[in-house]
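The values are calculated or read from the model by the stated rules, or taken from the named source; none is laboratory data. From a predicted model like this one, the values you see are computed outputs, not experimental measurements. Glycine gets a Cβ as well: all are built from the backbone with ideal geometry, and neighbour counts include every protein chain shown.
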Ligand code: F6R
């Protein structure tokens, strides 16, 4: 959470930092601030609210001038969102300025010590404690900023990505990372730092991704020096060439990133399987998997760890792996798994699923699994992310940057990767016939077309959204492969429209939730072709006899459910195991349109952040 940006070079820093903050706003948006330094004066502005509020505030004065600047967009952890708690924060002398993403867990004890030594605190943040700790080290140990940061961070417990500069050193910024991401863009005579590469992609495609427990001193003329925080040893950084382009991080004519990302799904799924799925030859080739295939084939079980939407993708995978490859699967909330003292052995394969690759709980679950000897495989979207580096091997989803806070294309591309793995294992184990295997491969290859067809229902879904936009509650029901889709549909609605919604396995209804059914309750039922179709039809009847309103997602040409439901949304036929890839689409669109009609901030829903790098 929190987005951080920094610039040091020869251009005016403010426009670069401001634009960067707008691109990083998906990471947190309850307050924002910048500090720009012209070598004499630091101009610091910050405010509760969004980056645009900061911009308006600054527009009332004069744009700050200077070729060194830092900026922050916040998702509050310590201290409520208000002007004072916003970053950047000054040290007591006013010489040091810091921005921080993460949590300093032992800040209370450090603060107590600093208060004893006469330090005064204006905010409730852990960040202000850190900047004063650094100042205290400079004073007491008579060292320069870089060394002071290193000494101070060795006293700190928690997670951080920080950028700090000292008024006395106008040609230098110092950055450090543990647990939260930090990229350094290397230009010619200029340097950028940011939580991801999007703020500097139009200036340079060369970047260093700092590793945990690394810090860098960036000097305007002399460049970047990377060191280990623990022992100050020098690190030779790896400069990576970025593949990202500007178009990928802009809205491309859509009103919201979320809608753009929903519509990108046919293309990004092709990107996910490109070069990996050769349907006609009957080949699935996943680079990260080939050398480790025996680990999967010999595994006692697969344990999937993830959070949120990625956890839902894990639930879909449970059905696919067990059904097709006959491997026992357990799906765990990473946040529970990490603290549960779970039984894990060397014969377990742990699959970690994460769009951002930065989710703190998933990361901790991975570390726990590794410490117990399990083989850990990652499925991430963000290339070079912490989880992708911490896992033993893995597969990228190649969905491209997902900016909308509500996950959409990440979900379907995760399912695509998981399906490829399951099919490969099923084929090797002989748990499905070669005819079925070939049919699945061919069907997976045309899934992008099926999704194109599903997207054609958009206008009709908008009409349905109009009818239900003022409903107070929604129920989402599905069975088998589409039970996780019901959970995901409900999550999408909750997070962007703030309407209460619950997902349930359709048959569980009569064990409680059926009491909620009345003529006010819209029930979204996924009733596509499946082994459970007749059972779902019975569940619909149960709801109808209690006057519930049915919005049914059905397979094109369905007549039975059509005759019973109040509203139907059609999706094209596909094999049952692949249905989540198409049934998800109308649920994403329904949530989107309801949220737009309610004037919600679709891409930046309240209280949420795109990557949850704190537990
Ligand atoms: C929901 C959503 C979140 C994430 C969750 C995990 O739309 O975006 O529930 O799925 O925070 O994030 P990743 O996949 O980045 O680990």
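Looking only at residues of the stretch 160-169 that are in contact with a strand residue (DSSP E or B) (Cβ under 7 Å, 6 or more places away or on another chain) and farther than 26 Å from residue 81 by Cβ, we find that the one that is surrounded by the most Cβ atoms within 10 Å (Cβ to Cβ) is 166.
Answer yes if at least one residue in the stretch 425-440 is within 13 Å of the ligand (Cβ to nearest atom), assigned by TED's automatic domain parsing to the domain that holds residue 313, crowded, with 22+ Cβ neighbours inside 10 Å and closer than 21 Å to residue 348 by Cα, and no otherwise. No, that holds for no residue. Applying a threshold of 6 Å to beta carbon distances and a minimum spacing of six or more residues, or different chains, the list of pairs starting in the stretch 479-499 at a residue that is modelled with pLDDT under 95 and ending at one that is within 13 Å of the ligand (Cβ to nearest atom) is empty. On inspection, residue 573 qualifies as at pLDDT 95 or above and in a loop (DSSP other than H, G, I, E, B).
Among the residues of the stretch 41-61, is there at least one that is assigned to a helix (DSSP H, G or I) and under 30 Å from residue 140 (Cβ atoms)? Checking the stretch 41-61: not a single residue is assigned to a helix (DSSP H, G or I) and under 30 Å from residue 140 (Cβ atoms).
The set of residues in the stretch 62-108 that are under 14 Å from residue 133 (Cα atoms), modelled with pLDDT of 95 or more and out of contact with any helix residue (DSSP H, G or I) (no Cβ under 8 Å at 6 or more places or on another chain) contains only 94. When residues in the stretch 369-395 are screened for being away from the ligand (no atom under 11 Å from the Cβ) and either assigned to a loop (DSSP other than H, G, I, E, B) or out of contact with any helix residue (DSSP H, G or I) (no Cβ under 9 Å at 6 or more places or on another chain) (or both), 10 of them pass. Selection within the stretch 348-358: residues that are within 15 Å of the ligand (Cβ to nearest atom) and out of contact with any helix residue (DSSP H, G or I) (no Cβ under 7 Å at 6 or more places or on another chain). The member of this set that is nearest to residue 422 (Cα to Cα) is 351. Taking the conditions exactly as written (at pLDDT 95 or above, over 25 Å from residue 7 (Cβ atoms) and in contact with a strand residue (DSSP E or B) (Cβ under 7 Å, 6 or more places away or on another chain)), does residue 315 satisfy them or not? In short, yes.
Results for (1) within 19 Å of residue 573 (Cβ to Cβ); (2) out of contact with any strand residue (DSSP E or B) (no Cβ under 8 Å at 6 or more places or on another chain), shown as yes or no for each residue.
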site	(1), (2)
515	no, yes
518	no, yes
524	no, no
528	yes, no
555	yes, no
558	yes, no
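Regarding the stretch 547-563, can at least one residue be identified that is modelled with pLDDT under 95, away from the ligand (no atom under 16 Å from the Cβ) and buried (at least 18 other Cβ atoms within 10 Å of the Cβ)? Scanning the stretch 547-563 turns up at least one residue that is modelled with pLDDT under 95, away from the ligand (no atom under 16 Å from the Cβ) and buried (at least 18 other Cβ atoms within 10 Å of the Cβ).
Within the stretch 297-314, restricting attention to residues that are more than 18 Å from residue 391 (Cα to Cα) and without any contact (Cβ under 8 Å) to a residue 60 or more places away in the chain, the residue that is nearest to the ligand (Cβ to nearest atom) is 300.
The helices (runs of 4 or more DSSP H) found wholly in the stretch 401-476 include none carrying at least 1 residues that are farther than 20 Å from residue 286 by Cα and at pLDDT below 95. Kindly check whether there is at least one residue in the stretch 138-145 that is at pLDDT 95 or above and buried (at least 21 other Cβ atoms within 10 Å of the Cβ). Yes: one or more hits. Residues in the stretch 1-21 that are over 12 Å from residue 87 (Cα atoms) and crowded, with 21+ Cβ neighbours inside 10 Å: 11 in all.
Among residues of the stretch 461-472 that are more than 9 Å from residue 597 (Cα to Cα), those with a Cβ under 8 angstrom from a residue that is in a loop (DSSP other than H, G, I, E, B), sequence gap 6+ or separate chain, pair up as 471/499; 471/520; 471/521; 472/499; 472/520.
Do we find that residue 596 is surrounded by fewer than 23 Cβ atoms within 10 Å (Cβ to Cβ) and touching a helix residue (DSSP H, G or I) at 6+ places or on another chain (Cβ under 9 Å) in this structure? Yes.
Looking at the structure I just gave you, is residue 494 within 16 Å of the ligand (Cβ to nearest atom) and assigned to a helix (DSSP H, G or I)? It is true that residue 494 is within 16 Å of the ligand (Cβ to nearest atom) and assigned to a helix (DSSP H, G or I).
Filtered by the rule that a residue be within 16 Å of the ligand (Cβ to nearest atom), free of Cβ contacts under 8 Å to residues at least 40 places away in the same chain and either surrounded by fewer than 23 Cβ atoms within 10 Å (Cβ to Cβ) or more than 15 Å from the chain's Cα centre (by Cα) (or both), the stretch 315-337 gives 331, 332, 333, 336, 337.
Among the candidates 537, 612, which residue alone is in a loop (DSSP other than H, G, I, E, B) and surrounded by fewer than 21 Cβ atoms within 10 Å (Cβ to Cβ)?
Only one candidate passes the filter, namely 612.
Residues in the stretch 281-296 that are in contact (Cβ under 8 Å) with a residue 40 or more places away in the chain and exposed (fewer than 14 other Cβ atoms within 10 Å of the Cβ) were compared, and the one that is farthest from the ligand (Cβ to nearest atom) is 282. Of all residues in the stretch 504-534, those satisfying the criterion of being surrounded by fewer than 24 Cβ atoms within 10 Å (Cβ to Cβ) and either within 16 Å of the ligand (Cβ to nearest atom) or in a helix (DSSP H, G or I) (or both) are 507, 508, 509, 510, 511, 513, 514, 515, 516, 533, 534.
Looking at the stretch 74-159, the helices (runs of 4 or more DSSP H) lying wholly inside it that each contain 1 or more residues that are in contact with a strand residue (DSSP E or B) (Cβ under 6 Å, 6 or more places away or on another chain), free of Cβ contacts under 8 Å to residues at least 60 places away in the same chain and under 24 Å from residue 613 (Cβ atoms) sit at 126-141. Residue count for the stretch 354-391 satisfying the condition of being in contact (Cβ under 8 Å) with a residue 12 or more places away in the chain and surrounded by fewer than 18 Cβ atoms within 10 Å (Cβ to Cβ): 6.
Of all the criteria given as (1) touching a residue at least 24 places away in the same chain (Cβ under 8 Å); (2) more than 14 Å from the ligand (Cβ to nearest atom); (3) assigned to a helix (DSSP H, G or I), the one not satisfied by residue 398 is (3).
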